[in-house]
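What follows draws every value from the coordinates through simple rules; no lab data is involved. Note that the structure is predicted; figures quoted are calculated from it, not measured. Cβ atoms come from the backbone with ideal geometry, glycine included; neighbour counts cover every protein chain shown.
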Amino acid sequence: MERRVRVRFAPSPTGALHIGGVRTALYNYLFARQHGGDMLLRIEDTDSTRFVPGAEEYILEALDWLGIGIDEGLRMSQKSKVEGQKTIEAVGSHGPYRQSERREIYHQYVKQLLDSGHAYIAFDTPEELEAKRAEIPNFQYDARTRMQMRNSLTMPADEVKVLVDKGEKYVVRFKVEPNEDVHVHDLIRGEVVINSNILDDKVLYKSADDLPTYHLANIVDDHLMEISHVIRGEEWLPSAPLHVLLYRAFGWEETMPQFAHLPLLLKPDGNGKLSKRDGDRLGFPVFPLEFHNQKDGTVSSGYRESGYLPEAVINFLALLGWHGSGDQEMYTMDELIKDFSLDRVSKSGAKFDYEKGKWFNHQYLQLRSNEELAEMFKPVLEEHLRHIDIPIHRDIEEVAKIIGLVKDRVNFVPELWEQVNFFFVAPTEYDEKSLKKRWKEDSPKHMTELLDLLEAQEDWSAEALDALVMPWIESKEYGVGIVMNAFRICLVGAARGPHIWAITDVLGKEETLKRVQTALTKLG
RNA sequence: GGUGCUAUCGUCUAGUGGCCUAGGACAACGGCCUCUCACGCCGUAAACCCCGGUUCGAGUCCGGGUAGCACUACCA
């Protein structure tokens, strides 16, 4: 019988969710949806020392913003979203979904491994291990060295019991049998074989905080949560054989999930994994949302706050390491779900191409309506207008109309301001370069005459103005470019902007004339 | 150091032995459009890591190099 597809995204709440993690979540989601399966979210907080407050909420909010839906486990409460507040809900019958809340469950499985002889108790202190590493080059806690250490293999059983009962700190280690070829079938890379000699006796549980480590918790949870496919980053490939060995030790090999190790996201320049530092250095976000880290006080910029549209981020990320069946570049989430396939995922790491990300955002920005963009632009606009003495008030419909004039020339919503500022505030100074090139000796004379012409004009429509001004320029043989560019400088303050009659249309007769007069006084 | 993974234009990639004089996209460059700046459109340049082998035929399969990356914690 075909097993139900169940995948999980299992981040640890140690800070903002890295963009590579977002892609892993996305691929899991696409795979689940395509197969009509379940997408679970589990929090792997087994390292109490690395916990960062707010990280869990951040992760869930980021996935929610991007439209990566969670079927089971932890997620943003849909109800609270309507009410505008952020609360987390847990859904599903395989919980709890935070590993820190699953302590009792792990106890049972640690005991199972201990009883079956697949694991043992070790008392070596960090200092002792440190000393061993200094003493023996390339020291590894394994079959060759474990008999020299302080553990239940080398100590009498009653002494071990006394120490444990006394509350002595200990860890439980997995007993890796030496010299065995472990096969891992990876859905992306094929058969990977690693000899168990290079594996060390991994710590599975630490009594100090009564928590398992990743390796144990991950296997137990994936088994209990009936995960069918583990899709995760390539950095996990070296420990995959250990995980296979753990499934075997538990007797769960029959239902062991299939593995797929995704290629890494690399820094745009040079080599190596993409890191937070690269974003700071090269000036682009590495996180989906802005994050204020309460633990170290740092602030990380986010795609959302930089003006990215979620569908652009999704599309961009989807194509970093995966390619569709054809030449298609623009994908909606539904199209991705349809076309996604693990065997079209690349094997090699993908350098993060920020320029392409910008292009995607440009594409999706054009797809949004002027009204939507106006709503998004409103806060940006208000912020700019706060610093201006006499701004021109415009209602939202006018803002939408103005945006329609310029949206095809921007990549991001916040960039809109540089394109539309002159619609909201009259120019107070004039761009030097434009002046030099476009403001000629005759320009004051031309503008004075144009002013007379326009003052007498009743019909202020673009068509009427065009029908009035163009023939006039021609009859006087002033040259269209000469007159229109000077006119443009009066209205905009520089040689840029949309079609001139679109500008006069929005400005209106009174404001248009006023700006020409002002320019005439200032520029003579 | 050890182990593993990977290797096509600057970047993301297509390519599953003949369809490859190697295709698409971003970026770059040039042109067109035009009252300006953009957008858009059209075009140009740009790659199979190296060496062997298998085969009538290799970017594609195999071996060896080389290079890059990942892992090598009581982190995940």
Using a 7 Å offset from the Cα along the Cα-to-Cβ direction at both A:Lys161 and A:Glu458, what is the distance between the two label points in nm, to one decimal?
11.0
Whole-percent tail of the Cα-Cα distance distribution for segment A:154-236, cut at 19 Å, equals 58
What number, rounded to the nearest 500 deg cm²/dmol, is the helix-based mean residue ellipticity at 222 nm of chain A, given -39500 (n - 2.57) per DSSP H run of at least four residues and division by all its residues?
-14000 deg cm²/dmol
Quick check on packing: order A:457-465, A:151-159 by the mean number of other C-beta atoms within 10 Å, highest mean leading.
A:151-159, A:457-465
Heads up, segment A:82-222 by the C-alpha gyration tensor (a ≥ b ≥ c square roots of eigenvalues; a/c under 1.5 rounded, else a/b over b/c prolate, else oblate) looks oblate
Karplus-derived 3J(HN,Hα) from phi for segment A:221-232 (6.51 cos²θ - 1.76 cosθ + 1.60, θ = phi - 60°), whole Hz, x at Gly and Pro, runs 5, 4, 5, 5, 8, 6, 6, 9, 9, 9, 10, 8
Pairs A:Lys378/A:Lys445; A:Lys169/A:Lys273; A:Lys132/A:Lys351; A:Lys295/A:Lys347; A:Lys433/A:Lys514; A:Lys79/A:Lys347: which exceed 32 Å Cα-Cα?
A:Lys378/A:Lys445; A:Lys169/A:Lys273; A:Lys132/A:Lys351; A:Lys295/A:Lys347; A:Lys79/A:Lys347
Which aspartates and glutamates have a Cα lying under 19 Å from the Cα of A:Lys440, excluding residues fewer than 8 positions away in the same chain?
A:Glu429, A:Asp431, A:Glu432, A:Glu449, A:Glu474, A:Glu477
Using 5 Å bins from zero, what percent of all Cα-Cα pairs in segment A:277-393 falls into each bin?
2, 9, 16, 17, 17, 15, 11, 7, 3, 2, 1, 0
16 Å Cα-Cα reach of A:Lys86 towards lysines, excluding residues that sit fewer than 8 places from it in its own chain:
none
Pull up all non-local amide H partners of A:His323: gap of 5 or more, or a different chain, and H-to-H distance under 5 Å with H placed in the peptide plane.
A:Ser346
Gyration tensor (alpha-carbon) shape descriptor, segment A:353-396, a/c threshold 1.5
oblate
Please get the size of the charge dipole for segment A:369-417, origin at its Cα centre, with Cβ charges of +1 on Lys and Arg and -1 on Asp and Glu, quoted in debye to the nearest 20.
140
Contour minus Cα-Cα distance for A:Ser93 and A:Arg344 (0.36 nm per residue)
87.0 nm
Short version: what are the Cα gyration tensor semi-axes of chain A, square root of 5 times each eigenvalue, largest first, in whole Å?
65, 22, 21
Other-chain or far-sequence residues with amide H under 5 Å of A:Gly73's (modelled H):
A:Leu41, A:Val91, A:Gly92
To the nearest 10 degrees, how steep is helix A:19-34 against the longest Cα principal axis of chain A, on a 0 to 90 scale?
80
Could you give me the ³J(HN,Hα) list for segment A:352-358, computed from phi with Karplus coefficients 6.51, -1.76, 1.60 and θ = phi - 60°, whole Hz, x at Gly and Pro?
6, 9, 4, 4, 5, x, 5
Extent of segment A:38-122 along each principal axis, from alpha carbon coordinates, in Å, largest to smallest?
52, 28, 19
Stokes-Einstein at 20 °C, 1.002 mPa s, Kirkwood radius from Cα pairs: D for segment A:432-523 in µm² s⁻¹?
164
Residue-span extension gain [A:Gln78 to A:Met147] - 0.36 nm each, minus C-alpha spacing
19.4 nm
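Assigning unit charges at the beta carbon (Lys, Arg +1; Asp, Glu -1) and nothing else, what dipole magnitude in debye, to the nearest 20, does chain A show about its Cα centre?
Computed about the Cα centre, the dipole is about 960 debye.
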